[in-house]
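Asks: I'd like to ask you about the structure that follows.
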Amino acid sequence: MDIDLSPKLPQKVYGGAGGSYHAWCPNDLPMLRQGNIGAGKLALEKGGLALPRYSDSAKVAYVLQGNGVAGIVLPEKEEKVLSIKTGDAIALPFGVITWWYNKEDTELIVLFLGDTKTAHKPGSFTDFFLTGSNGIFTGFSTEFVCRAWDIDEATAKQLVGSQTGNGIIKVDGGVKMPEPNKDHRNGMALNCLDAPLDVDIKGGGRVVVLNTKNLPLVGEVGLGADLVRLDGNAMCSPGFSCDSALQVTYIVRGSGRAQIVGVDGKRVLETTVKAGNLFIVPRFFVVSKISDNDGLEWFSIISTPNPIFTHMAGRTSAWKALSAGVLQASFNVTPEIEKTFRSKRMNSEIFFAPSK
């Protein structure tokens with residue numbers, strides 16, 4: 001595979017006093033287009049409102065920073081108003097209408113990763129805004145708006161033309177925004193920092209996997225996800241998705257090194273990763289990461305709602321399942337070397353603490 005897999009930062013798409021929206025461009029990260037994956041990041045200042053919109057793609061949202069409020073309207077359902085905070089993952093099926101609001105001093109930052117197979121542009125999200133200078137009703141004639149909403153011409157012009165903002169606005173202090181309903185979080189959001197751990201290795205790392213069991217809506221989105229927190233100088237063992245899924249990884253915090261190996265044993269990526277980077281692991285390619293002193297945390301989506309991974313080291317390693325004779329012959333080594341190999345990392349978990 002002769003394609004650039006190096007980590008990339010997003011580019012600003014639009015913004016104003018209320019905040020900004022950034023996206024990763026398929027021209028900079030070609031695997032987005034090839035894998036039909038989109039990635040974007042919303043940053044809202046205090047009072048910032050991301051205007052109601054729907055998208056041409058199903059997504060998973062992950063709150064990287066801050067506290068805020070999200071409005072979600074599933075097709076032909078009532079609006080859900082959720083309080084959101086750092087660590088929240090929210091599944092957003094195709095056709096859902098959302099808005100996002102920050103009433104706190106701390107900037108609210110939300111990551112969006114999703115499937116663009118239904119999108120107008122492979123590898124990119126296209127949002128359709130309900131209001132604003134580029135809202136969908138600005139394209140209809142006044143006659144059509146009046147008849148659709150059963151209102152007079154003057155009212156129609158006010159509704160369609162009064163909001164001159166584009167995508168993100170700063171809410172006037174006199175506007176009373178809705179308060180979140182704690183019951184609305186049920187089945188809609190999962191906090192990955194508070195959820196039960198799927199993997200917890202002392203001195204190694206921790207994993208929370210997002211799937212149809214703990215957040216059923218990901219089944220409608222068609223994506224799984226996980227949050228991985230690696231301790232300082234620890235290693236995530238080499239592994240690959242054995243169900244042909246792509247893995248899209250956003251580095252939340254910290255830094256470290258990553259290597260990806262593909263066809264014919266060719267190393268296709270060796271790089272340093274740091275907070276804000278996004279990179280993609282192609283189908284069946286093997287990836288491994290080692291954190292720096294400050295640790296490494298990443299959030300990934302996998303292009304299947306219930307991913308399956310095969311690890312090439314550790315307690316669940318495929319090597320452990322193979323017989324001694326097969327290993328000896330395959331590596332072309334002596335029985336002593338095979339025994340040494342089997343006795344080392346074979347009883348460790350998928351995360352390795354620093355070597356002593």
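The values are calculated or read from the model by the stated rules, or taken from the named source; none is laboratory data. These numbers come from a predicted model, not from an experiment. In this analysis, Cβ positions are derived from the backbone assuming ideal geometry, glycine residues included, and neighbour counts consider all displayed protein chains. Just so you know, the surface numbers come from the protein's heavy atoms only, side chains and all, with ligands and any DNA or RNA stripped out. Shrake-Rupley method; radii C 1.70, N 1.55, O 1.52, S 1.80 Å.
Asks: Show the residue pairs that are 6+ apart or on different chains and have beta-carbon atoms under 6 Å apart, the first residue being within segment 288-301 and at positive phi and touching a residue at least 40 places away in the same chain (Cβ under 8 Å), the second being of a type outside the set (A, V, I, L, M, F, W, C) and open to solvent by 10 Å² or more (accessible area, probe 1.4 Å).
Replies: So the pair list comes out as Gly295/Asp231; Gly295/Gly232; Gly295/Gly254.
Asks: Please tell me if Phe112 is touching a residue at least 40 places away in the same chain (Cβ under 8 Å), hydrophobic (A, V, I, L, M, F, W, C), open to solvent by 50 Å² or more (accessible area, probe 1.4 Å) and under 25 Å from Cys192 (Cβ atoms).
Replies: Criteria not met by Phe112.
Asks: Being of a type in the set (A, V, I, L, M, F, W, C), part of a strand (DSSP E or B) and open to solvent by less than 10 Å² (accessible area, probe 1.4 Å) narrows it down to one residue among Leu49, Leu42; which is it?
Replies: Of Leu49, Leu42, the one residue that is of a type in the set (A, V, I, L, M, F, W, C), part of a strand (DSSP E or B) and open to solvent by less than 10 Å² (accessible area, probe 1.4 Å) is Leu42.
Asks: If a residue has to be closer than 9 Å to Ser124 by Cβ, in a loop (DSSP other than H, G, I, E, B) and in contact with a strand residue (DSSP E or B) (Cβ under 7 Å, 6 or more places away or on another chain) to count, how many in segment 25-39 make the cut?
Replies: Within segment 25-39, residues that are closer than 9 Å to Ser124 by Cβ, in a loop (DSSP other than H, G, I, E, B) and in contact with a strand residue (DSSP E or B) (Cβ under 7 Å, 6 or more places away or on another chain) number 1.
Asks: Additional query: Starting from residues that are hydrophobic (A, V, I, L, M, F, W, C) and modelled with pLDDT of 95 or more, keep the ones in segment 10-24 and report whichever is most open to solvent (accessible area, probe 1.4 Å).
Replies: Of everything passing the filter in segment 10-24, Val13 is most open to solvent (accessible area, probe 1.4 Å).
Asks: Next question, about the same structure. Exactly one condition in (1) over 23 Å from Tyr54 (Cα atoms); (2) open to solvent by less than 60 Å² (accessible area, probe 1.4 Å); (3) outside any loop (DSSP other than H, G, I, E, B) is false for Asp200; which is it?
Replies: (2)
Asks: Inside segment 134-159, can you point out the residues that are loosely packed, with under 13 Cβ neighbours inside 10 Å, assigned to a loop (DSSP other than H, G, I, E, B) and out of contact with any helix residue (DSSP H, G or I) (no Cβ under 8 Å at 6 or more places or on another chain)?
Replies: Ser141, Asp150
Asks: Still on this model: Would you check if Gly173 is in a loop (DSSP other than H, G, I, E, B), more than 27 Å from Phe299 (Cα to Cα) and either in contact (Cβ under 8 Å) with a residue 60 or more places away in the chain or open to solvent by 70 Å² or more (accessible area, probe 1.4 Å) (or both)?
Replies: So Gly173 fits the description; yes.
Asks: Further question on the same structure: Could you pull out the residue among Gly187, Gly123 that is open to solvent by less than 30 Å² (accessible area, probe 1.4 Å) and part of a loop (DSSP other than H, G, I, E, B)? Steps first, please.
Replies: Numbers: Gly187 fails: open to solvent by less than 30 Å² (accessible area, probe 1.4 Å).
Of the residues listed, the single one that is open to solvent by less than 30 Å² (accessible area, probe 1.4 Å) and part of a loop (DSSP other than H, G, I, E, B) is Gly123.
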